[in-house]
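Asker: My questions all concern the structure below.
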Amino acid sequence: MKVALLSESPADEAVLRVLVTAVLGAPPRFMAAGLRARGWPNVAQVLPAVIRHLHFNTDTDTLVVTADSDDSVVHTEEHEAPGYYHPHCRLCLLRGVFRQTTKKLPAARGRSRVLRCVGVAVPALEAWLLCGRDPQVGEAAWLAGQESGRPPYTRAELKGRVYGTDRPTLPHEIRRALEEAGRHRHDTRRLEADFPGFRALARDLRAAPARPEK
C-alpha cells in the first residue's frame, strides 16, 4: 500500500508513521509527497488540492489525514449514522471534503480514487501519546468535561505532561513523541478503545485494499 500523510506538524507526521505501521502490521510505502498543513483550519483548506494532486500526479493509494479537535464538537457514534453530518465536527468535515472532492474525479493512475483515512485527536495528538501512561487522559473524559463545562485538562497541560514544557523545540518534540508512540508499536487496541477518533482512522486503514506493487 502506498500511503501519503497530511498532518498539522512534523512531529504529528512522525507519530503517524509509527501508528499507521502498527495498525497495518507492516510498514506501507510512505510517499514522499512533502505534504503538511500549518494547524487547523489549514488542514481543511489545503485538503482538496492535496487530494487532486495525489490523484492525478502520483500513484498513491491512500491519504491519511489527522487534525486536533481542540475545542470543537467531538465525533460520536451518532455521527456515524448514514447521511449524518455535523458542521462543527472536524471528523465529519474532513470526510465531507473527501466526498465532495473525489465524487467527480475521473479514474487515474490505475485506480478510481485516492482512499481516505481520517482521524481526529481529542483534544490534541498529545492525548494519544499519553494513552496507557496517564489514566486521566481519554476521549470520554474530555467529552464529559465539555458537557459539564469543566475540562479535565488543557492542551497546554497535555504538552507539559509529554514534553516537560508547553513550548518544546521541534527536535525535542519529535523525540518525545516517538518515544511515547513507540509504546503502541505492536498493539493499538488500548489507543482504539480510549480514543474513538483514532479508532475511526484504524478502521479506514484496515478497510483500504492494497494494490499489488508494480
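The values are calculated or read from the model by the stated rules, or taken from the named source; none is laboratory data. Source: prediction; values computed, not measured. Positions of Cβ are backbone-derived with ideal geometry, glycine not excepted, and every protein chain shown enters the neighbour counts.
Asker: Among the residues of the stretch 157-185 satisfying the criterion of being of a type in the set (Val, Ile, Thr) and touching a Lys or Arg at 6+ places or on another chain (Cβ under 8 Å), which is modelled with the lowest pLDDT?
Answerer: Among them, the one singled out is Thr165.
Asker: Right, next: Residue check, Ser112 against (1) surrounded by 11 or more Cβ atoms within 10 Å (Cβ to Cβ); (2) at pLDDT 90 or above, all met but one. Which one?
Answerer: With respect to (1) surrounded by 11 or more Cβ atoms within 10 Å (Cβ to Cβ); (2) at pLDDT 90 or above, Ser112 is out only on (2).
Asker: Quick check on Gly96: is it without any contact (Cβ under 8 Å) to a residue 60 or more places away in the chain, assigned to a loop (DSSP other than H, G, I, E, B), small (Gly, Ala, Ser) and closer than 30 Å to Arg52 by Cα? Quick ask: steps written out before the conclusion?
Answerer: Numbers: without any contact (Cβ under 8 Å) to a residue 60 or more places away in the chain: yes; assigned to a loop (DSSP other than H, G, I, E, B): no; small (Gly, Ala, Ser): yes; closer than 30 Å to Arg52 by Cα: yes.
Taking the combined requirement at face value, the residue does not satisfy it.
Asker: Would you mind finding the one in Val50, Val65, Val120 that is aliphatic (A, V, I, L, M), out of contact with any Phe, Trp or Tyr (no Cβ under 7 Å at 6 or more places or on another chain), crowded, with 20+ Cβ neighbours inside 10 Å and within 20 Å of Pro209 (Cβ to Cβ)? Break it down into steps so the answer makes sense when it comes.
Answerer: Numbers: Val50 fails: within 20 Å of Pro209 (Cβ to Cβ); Val120 fails: within 20 Å of Pro209 (Cβ to Cβ).
From the options Val50, Val65, Val120, the qualifying one is Val65.
Asker: Would you mention how many residues in the stretch 147-172 are farther than 17 Å from Ala121 by Cα and touching a residue at least 40 places away in the same chain (Cβ under 8 Å)?
Answerer: 1
Asker: Can you list residue pairs whose Cβ atoms sit under 7 Å apart, with the first residue in the stretch 7-18 being in contact (Cβ under 8 Å) with a residue 24 or more places away in the chain and the second being among the aliphatic types (A, V, I, L, M) and not in a helix (DSSP H, G or I)? Count only pairs 6 or more apart in sequence or on different chains.
Answerer: Glu8/Ala37; Glu8/Ala67; Leu16/Leu5; Leu16/Val64
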